[in-house]
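The values are calculated or read from the model by the stated rules, or taken from the named source; none is laboratory data. This structure is a prediction, so every number in the text was calculated from the model and none was measured. Please note that ligands, DNA and RNA were not included when accessible areas were found on the heavy atoms of the full protein model with its side chains. Shrake-Rupley method; radii C 1.70, N 1.55, O 1.52, S 1.80 Å.
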Amino acid sequence: MSGFSILHPRIRKLLVREGIIEPTVPQLRSIHHILAKRHTLVIAPTGIGKTECAAIPIFDHLLRMKENAVHNPGFKAIYTTPLRALNRDI
């Protein structure tokens with residue numbers, strides 16, 4: 001689980017439960033940049049986990065905001081699926 005070690009424990013537990021033990025190469029190379037709030041472009045073949053590259057760090061950030069009682073009015077995250085087929089991925 002070393003590749004996901006920087007993620008919130010609840011996220012890591014969920015990934016293990018879903019059978020996701022190690023990140024794919026694009027996930028490994030992008031998640032820490034996204035967590036650091038850097039603009040990140042991920043290019044990889046279909047089915048390699050690009051959606052999770054973005055979604056996992058966002059979920060991590062939302063959990064940490066909740067735990068730290070950070071209250072900011074308004075939207076916290078918006079996910080726009082690029083294709084209709086992806087709207088059931090996450």
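See the values below:
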| item | result |
| --- | --- |
| ³J(HN,Hα), Karplus 6.51/-1.76/1.60, whole Hz, each residue of segment 66-76, x for Gly, Pro | 5, 5, 8, 6, 7, 10, 10, x, x, 6, 9 |
| Accessible area of segment 4-87 belonging to carbon and sulfur atoms, whole % at 1.4 Å probe | 61 percent |
| Largest to smallest principal axis extent of the C-alpha atoms in segment 32-73, angstrom | 38, 18, 18 |
| All-pairs alpha carbon distance profile, segment 1-53, 5 Å steps from 0, percent | 4, 20, 30, 26, 15, 4 |
| Integer Hz, Karplus 6.51/-1.76/1.60 couplings in order for segment 8-15, x for Gly and Pro | 3, x, 5, 5, 4, 4, 5, 4 |
